[in-house]
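Got a structure for you, written out below as structure tokens; questions coming shortly.
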Amino acid sequence: MPMKPARCYTHFSGPPYTRKEYIPGVPPPKISKFEMGNIKGSYDYVVELVVLEAGQIRHNALEAARVMAHKYMSTTVGENNYFLKIRVYPHHVLREHKMMAFAGADRLQEGMRHAFGKPVGTAARVYPGQAVMEIRVRKEHLDHAKEALRRSGSKLPLPTRIIIKEYKTGKIVAG
């Protein structure tokens, strides 16, 4: 079985750690924009990237998926012919107990005693059937939207599926 990146943070147990006003030193999420493209366009379909398992998606994985989808869509169909939206926000703060990694470090460390951890990043908690990203397109660009979400789904640590809905009615067409 191939190793997944950030597999230590993919599955969760326990309540989310989200109260940033009490946590010093939380790094900001790497996601620069949550909405791209033409928001005012008239579209026929909404193509959604839906996760199949519960888990956490780190903010750098969300940014990598966003960049992949946006780059593909802007080069193939043009900036004004689609609307891309990230539907989740990384609220959960990830902690890591840093260990020293040099020669002789075993004599200096206290091991796992009182190991709460320092904030190292954020993640979005997702559940089965939840949409992570969506692209709104006209009928002639539907195949490009599916390919963009297929590529960006490979950047995420959880298995995904692509669902196509009609924009006005919300009726599922394929998926």
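Please list, ordered by first then second residue, the pairs with beta carbon atoms under 9 Å, 6 or more apart or interchain, first in segment 116-143 and closer than 14 Å to residue 90 by Cα, second among the aromatic types (Phe, Trp, Tyr).
So the pair list comes out as 119/17; 121/9; 122/89; 123/9; 123/12; 124/89; 125/12.
Next up: Applying the selection to segment 71-85, what residues are under 20 Å from the mean Cα position of the chain (by Cα) and in contact (Cβ under 8 Å) with a residue 40 or more places away in the chain?
72, 73, 82, 83, 84, 85, listed by residue number.
To continue, here is another question. Answer with yes or no whether residue 50 is outside any helix (DSSP H, G or I), closer than 20 Å to residue 158 by Cα, modelled with pLDDT of 95 or more and not acidic (Asp, Glu).
yes
Look at residue 68 and say whether it is among the hydrophobic types (A, V, I, L, M, F, W, C), under 18 Å from residue 144 (Cα atoms) and in contact with a Phe, Trp or Tyr (Cβ under 9 Å, 6 or more places away or on another chain).
For residue 68, the condition - among the hydrophobic types (A, V, I, L, M, F, W, C), under 18 Å from residue 144 (Cα atoms) and in contact with a Phe, Trp or Tyr (Cβ under 9 Å, 6 or more places away or on another chain) - is not met.
Out of 21, 63, report the one residue that is of a type in the set (D, E, K, R), surrounded by 15 or more Cβ atoms within 10 Å (Cβ to Cβ) and not in a loop (DSSP other than H, G, I, E, B).
Step by step, each of 21, 63 is checked, and only 63 is of a type in the set (D, E, K, R), surrounded by 15 or more Cβ atoms within 10 Å (Cβ to Cβ) and not in a loop (DSSP other than H, G, I, E, B).
Right, something else. Considering only residues of segment 130-160 that are outside any helix (DSSP H, G or I) and over 14 Å from the mean Cα position of the chain (by Cα), which is surrounded by the most Cβ atoms within 10 Å (Cβ to Cβ)?
135
Okay, next question. Consider residue 68 carefully, then state whether it is touching a Lys or Arg at 6+ places or on another chain (Cβ under 8 Å) and either within 16 Å of residue 135 (Cβ to Cβ) or modelled with pLDDT of 95 or more (or both).
Criteria met by residue 68.
Something else: For segment 81-97, name all the residues that are assigned to a loop (DSSP other than H, G, I, E, B) and hydrophobic (A, V, I, L, M, F, W, C).
Going residue by residue through segment 81-97, those that are assigned to a loop (DSSP other than H, G, I, E, B) are 87-91, 97.
The one that is assigned to a loop (DSSP other than H, G, I, E, B) and hydrophobic (A, V, I, L, M, F, W, C): 88.
Somewhere in segment 81-101, is a residue of a type outside the set (Phe, Trp, Tyr), at pLDDT 80 or above and surrounded by fewer than 12 Cβ atoms within 10 Å (Cβ to Cβ)? Outline the logic, then answer.
The initial filter retains those residues of segment 81-101 that are of a type outside the set (Phe, Trp, Tyr), namely 81, 84-88, 90-101.
Filter again for at pLDDT 80 or above, leaving 81, 84-88, 90-96.
Then keep just the ones that are surrounded by fewer than 12 Cβ atoms within 10 Å (Cβ to Cβ); that gives none.
Checking segment 81-101: not a single residue is of a type outside the set (Phe, Trp, Tyr), at pLDDT 80 or above and surrounded by fewer than 12 Cβ atoms within 10 Å (Cβ to Cβ).
The values are calculated or read from the model by the stated rules, or taken from the named source; none is laboratory data. Fair warning: this is a prediction, and the values are worked out from it, not measured in the lab. Virtual Cβ from ideal backbone geometry, glycine too; neighbours counted across all protein chains shown.
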